[in-house]
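As structure tokens, the structure follows; a few thoughts come after it.
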Amino acid sequence: MFTTRHSRAAPSEASSANSLNSTLRGRRPRGDPSAAGPHLARRYTRRVAAIDRTTDIDEAQASGLLDMDAAAFRVAAHEVVDIMADYLASIERFAVFPTIEPGSVGSAFSATPPEDPEPIGQILADYRRLVEPNATAWQHPGFLAYFGTTASGPGILGEMLTAALGQNAMLWRTSPVATELEGVVVGWLREALGLPETFDGLITDTASTSSLIALGGAREAAGIEAASEGIAGREDLGRLRVYASAEAHSSIEKACMTLGLGRSSLVRIPTNDRFELRVDSLAEAIAADRAAGHRPVAIVATVGTTSSTSVDPVAAAADIAERERLWLHVDAAYAGAVAIDPMLRAPFAGWERADSIVVNPHKWLFTPLDASLLLSRRMDVVRAAFSLVPEYLRTLDRETPVRDYNEYTPQLGRRFRALKLWIQLRWFGLEGLRRRIRHHLELANTFADWIDGAPDWERLAPVPFSTVCFRYRPPDWAGDEAALDDRNAAIMDAVNRTGDVFLSHTRLAGRFTIRLSVGNLRTEERHVARAWTLLQDAAAAADVNPASSPSG
Ligand SMILES: Cc1ncc(COP(=O)(O)O)c(C=O)c1O
């Protein structure tokens, strides 16, 4: 183990650089340290039999040439693995959300960049001291906020190997294995989700990017040659329109902004009292837009909306999309993972008719951020929307046509995300993933039962998946919505300040709504029970300050 000493020991004895060189693990140096400048040469002149990694820089740092050598890397990497294993093994030592104030973290770090190399042991000691305790503990089983993103053990191993391989998956030629394994893993996931072979796809960083690409495809499919001609200043087009429910994720609106359609091109369709898109309103909005000379382009249906995890009627949306010849994109970023269980596919009925679908393995398939699966039945159109091949990217030496994934994305360089997915899909097996997801559904249902059975609490939305929306509402507060909002914000804040669990909030039908979402791989019933105890304690506490603001 590296020590946690932070002070740099003074050189014990100055000597010539060369005399140290010969003592360094019996190997010859790769460069003359004195040529690297006075600072480095001075730091390198310690006579030590073996490097003390806490206080000494290594050979490559001293020479100012080349990378950390393999031997030094091996020692440091073993240490990093120990740090990671310690962190995960003792994660409950940390507050899920650290008790710190905004602005307090940055000032703990040096304001100026390091002029000279620093010993890796010291850097890692600072990592433990400054980084771990100031991180929001997404790996903590008490993380019940937003939608969970667990970096599973096998997923982390995949990330480590990915980093070491250093692949850029932009062209087949720049990484044959990244390119072809991506195809394999996309096929595995498609099959696991129960979708037909007509779907193909790719792995992106986030659902935001996946939906951007999907709507780029939709814009291209509208037949307006947007990729080549653009849409600015074109009187012939009318206003392009995209339709999504009032509960659809902001990434859809951002995609409209980014694609030049503008936020106002997104028509937010009202929802019913279950927060599901109203198909009658959708049909009316499209008809009204056509009558006004606008150009409908796409419908976005969400399975598992961000606030309440409501499920839009996908099959009915598909009927309208087919009738109106519109692109149907299904955003199942969070809930899509559930479809790997054939017994739980009812909410997804009709999604096989979509033009594109997004599911995020980095949400509920326990893949380290980032990994988003974009599937499409119209990959040729997606390619038309984003392909641009300058001479320096042209691949001349291939006989068999293979995919260059950069032709399907706005960016060129791409990470080798398929590796971690391949490793972790094999480690869990689909059945292992199904069991974990079913367990999360059970935990959420148990929590919902507790809420339903408590007279002072009310549930504010159905629980189709693993997220429960609720609030404290004692009978004598009924009707005073502003006071209830403040009170619930204060309750959530008090719970989060304990550091045992972390909850987040939303607004449903105008009401401040606390959300508890089970999605962390390590969450057990005791964590959900702890959340329930803390909520009741906070509600009961006479000192809850109704005016305090939410923290999450
Ligand atoms: C339904 C839905 N779509 C899209 C997103 C955006 O996901 P990402 O952070 O991967 O862009 C979210 C995030 O929570 C979401 O809930």
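The values are calculated or read from the model by the stated rules, or taken from the named source; none is laboratory data. This structure is a prediction, so every number in the text was calculated from the model and none was measured. No Cβ is skipped: glycine too gets one built from the backbone with ideal geometry, and neighbour counts run over all protein chains shown.
So Ala317 passes all but one of these: (1) within 25 Å of Glu431 (Cα to Cα); (2) assigned to a helix (DSSP H, G or I). Which condition number does it fail?
With respect to (1) within 25 Å of Glu431 (Cα to Cα); (2) assigned to a helix (DSSP H, G or I), Ala317 is out only on (1).
Out of Ser307, Ser281, which single residue is at negative phi and either within 16 Å of the ligand (Cβ to nearest atom) or modelled with pLDDT under 95 (or both)? Steps first, answer last, please.
On the way: Ser281 fails: either within 16 Å of the ligand (Cβ to nearest atom) or modelled with pLDDT under 95 (or both).
Of the residues listed, the single one that is at negative phi and either within 16 Å of the ligand (Cβ to nearest atom) or modelled with pLDDT under 95 (or both) is Ser307.
Could you tell me which residue of the stretch 370-382 is nearest to the ligand (Cβ to nearest atom), considering only residues that are buried (at least 24 other Cβ atoms within 10 Å of the Cβ) and outside any loop (DSSP other than H, G, I, E, B)?
Within the stretch 370-382, the subset buried (at least 24 other Cβ atoms within 10 Å of the Cβ) is 371-376, 382.
With outside any loop (DSSP other than H, G, I, E, B) added as a condition, the list becomes 372-376, 382.
Numbers: Ser372: 5, Leu373: 11, Leu374: 11, Leu375: 15, Ser376: 16, Val382: 18 Å.
It comes out as Ser372.
Restricting the stretch 110-129 to residues that are among the aliphatic types (A, V, I, L, M) and touching a residue at least 24 places away in the same chain (Cβ under 8 Å), which is surrounded by the most Cβ atoms within 10 Å (Cβ to Cβ)? I'd like the intermediate steps shown before the answer.
Initial filter on the stretch 110-129 (among the aliphatic types (A, V, I, L, M)): 111, 120, 123-125.
If we keep only those that are touching a residue at least 24 places away in the same chain (Cβ under 8 Å) too, we end up with 120, 124-125.
Details: Ile120: 23, Leu124: 21, Ala125: 19.
Among those that are among the aliphatic types (A, V, I, L, M) and touching a residue at least 24 places away in the same chain (Cβ under 8 Å), it is Ile120.
Being assigned to a helix (DSSP H, G or I) and away from the ligand (no atom under 16 Å from the Cβ) is the filter here; which residues of the stretch 320-336 pass it?
Of the stretch 320-336, the ones assigned to a helix (DSSP H, G or I) are 320-324, 335-336.
Selection gives Ile320, Ala321, Glu322, Arg323, Glu324.
Here is a list: Asp543, Asp452, Asp476, Asp500. Which entry is farther than 27 Å from Val311 by Cβ and either touching a strand residue (DSSP E or B) at 6+ places or on another chain (Cβ under 6 Å) or modelled with pLDDT of 95 or more (or both)? Step through it out loud before you land on a result.
Details: Asp543 fails: either touching a strand residue (DSSP E or B) at 6+ places or on another chain (Cβ under 6 Å) or modelled with pLDDT of 95 or more (or both); Asp452 fails: farther than 27 Å from Val311 by Cβ; Asp476 fails: either touching a strand residue (DSSP E or B) at 6+ places or on another chain (Cβ under 6 Å) or modelled with pLDDT of 95 or more (or both).
Testing whether each residue is farther than 27 Å from Val311 by Cβ and either touching a strand residue (DSSP E or B) at 6+ places or on another chain (Cβ under 6 Å) or modelled with pLDDT of 95 or more (or both) leaves just Asp500.
For the stretch 138-158, which residues satisfy the criterion of being assigned to a helix (DSSP H, G or I) and buried (at least 23 other Cβ atoms within 10 Å of the Cβ)?
Let us first name the residues in the stretch 138-158 that are assigned to a helix (DSSP H, G or I), namely 153-158.
Of everything in the stretch 138-158, those that are assigned to a helix (DSSP H, G or I) and buried (at least 23 other Cβ atoms within 10 Å of the Cβ) turn out to be Gly155, Gly158.
Which residues, counting only those in the stretch 348-364, are more than 12 Å from the ligand (Cβ to nearest atom), buried (at least 22 other Cβ atoms within 10 Å of the Cβ) and farther than 24 Å from Arg383 by Cβ? Please lay out each step first, then the result.
From the stretch 348-364, those more than 12 Å from the ligand (Cβ to nearest atom) are 348-356; that's our starting set.
Subset that is buried (at least 22 other Cβ atoms within 10 Å of the Cβ): 348, 351, 354-356.
Scanning the stretch 348-364 gives a single hit, Phe348.
Given the criteria buried (at least 19 other Cβ atoms within 10 Å of the Cβ), of a type outside the set (Val, Ile, Thr), within 16 Å of the ligand (Cβ to nearest atom) and in a helix (DSSP H, G or I), does Ala301 qualify?
Details: buried (at least 19 other Cβ atoms within 10 Å of the Cβ): yes; of a type outside the set (Val, Ile, Thr): yes; within 16 Å of the ligand (Cβ to nearest atom): yes; in a helix (DSSP H, G or I): no.
No, not satisfied.
For the stretch 349-373, how many residues meet the condition of being over 24 Å from Gln139 (Cα atoms) and either without any contact (Cβ under 8 Å) to a residue 24 or more places away in the chain or of a type in the set (Lys, Arg) (or both)?
Selection size over the stretch 349-373: 1.
Sort through Leu144, Leu181, Leu157 and tell me the only one that's within 16 Å of the ligand (Cβ to nearest atom) and at pLDDT 95 or above. Before the answer, list the steps.
Working: Leu181 fails: within 16 Å of the ligand (Cβ to nearest atom); Leu157 fails: within 16 Å of the ligand (Cβ to nearest atom).
Every option except Leu144 fails the conditions.
Would the stretch 383-392 turn up any residue that is assigned to a helix (DSSP H, G or I) and at pLDDT below 95? Break it down stepwise before answering.
Filtering the stretch 383-392 for residues assigned to a helix (DSSP H, G or I) gives 383-386, 391-392.
Among the residues that remain, those that are also at pLDDT below 95 are: 391-392.
Checking the stretch 383-392: at least one residue is assigned to a helix (DSSP H, G or I) and at pLDDT below 95.
Six or more apart or on different chains, Cβ atoms under 9 Å: show the pairs whose first residue is in the stretch 299-313 and free of Cβ contacts under 8 Å to residues at least 40 places away in the same chain and whose second is buried (at least 24 other Cβ atoms within 10 Å of the Cβ) and of a type in the set (Gly, Ala, Ser).
Pro313/Ala301
Output the residue which, of all residues in the stretch 236-256 that are farther than 18 Å from Pro296 by Cβ and surrounded by fewer than 18 Cβ atoms within 10 Å (Cβ to Cβ), is nearest to the chain's Cα centre (by Cα). Even if it seems obvious, please write down each step before you answer.
From the stretch 236-256, those farther than 18 Å from Pro296 by Cβ are 247, 249-251, 254; that's our starting set.
Now narrow it down to the ones that are surrounded by fewer than 18 Cβ atoms within 10 Å (Cβ to Cβ): 250, 254.
Details: Ser250: 15, Lys254: 17 Å.
In this case the residue turns out to be Ser250.
Would you pick out the residues in the stretch 161-176 that are surrounded by fewer than 16 Cβ atoms within 10 Å (Cβ to Cβ) and assigned to a helix (DSSP H, G or I)? Lay out the reasoning, then the answer.
Of the residues in the stretch 161-176, the ones surrounded by fewer than 16 Cβ atoms within 10 Å (Cβ to Cβ) are 161, 163-166, 168, 173, 176.
Correct list: Leu161, Ala163, Ala164, Leu165, Pro176.
Say whether the condition of being surrounded by fewer than 18 Cβ atoms within 10 Å (Cβ to Cβ), at pLDDT below 95 and at negative phi is met by at least one residue in the stretch 511-528.
Checked against the condition, which is being surrounded by fewer than 18 Cβ atoms within 10 Å (Cβ to Cβ), at pLDDT below 95 and at negative phi, the stretch 511-528 yields no hits at all.
Residues Val330, Val338: which one is more than 20 Å from Val242 (Cα to Cα) and of a type in the set (Val, Ile, Thr)? Steps first, please.
On the way: Val330 fails: more than 20 Å from Val242 (Cα to Cα).
Selected residue: Val338, the only one of Val330, Val338 that is more than 20 Å from Val242 (Cα to Cα) and of a type in the set (Val, Ile, Thr).
Among the residues of the stretch 192-217, write down those that are within 17 Å of Arg378 (Cα to Cα) and either surrounded by fewer than 17 Cβ atoms within 10 Å (Cβ to Cβ) or more than 16 Å from the ligand (Cβ to nearest atom) (or both).
Residues satisfying the conditions are Leu195, Pro196, Glu197, Thr198, Phe199, Asp200, Gly217.
I'd like to check something: does the stretch 286-296 contain any residue that is at pLDDT 95 or above, more than 13 Å from the ligand (Cβ to nearest atom), of a type outside the set (Lys, Arg) and closer than 19 Å to Ser211 by Cβ?
Yes: one or more hits.
I'm trying to understand the selection: among the residues of the stretch 82-107, which are farther than 18 Å from His140 by Cβ and not in a loop (DSSP other than H, G, I, E, B)?
Asp82, Gly106, Ser107
Which of (1) assigned to a helix (DSSP H, G or I); (2) more than 8 Å from the ligand (Cβ to nearest atom) does Thr367 not meet, given it meets every other one?
All conditions are met except number (1).
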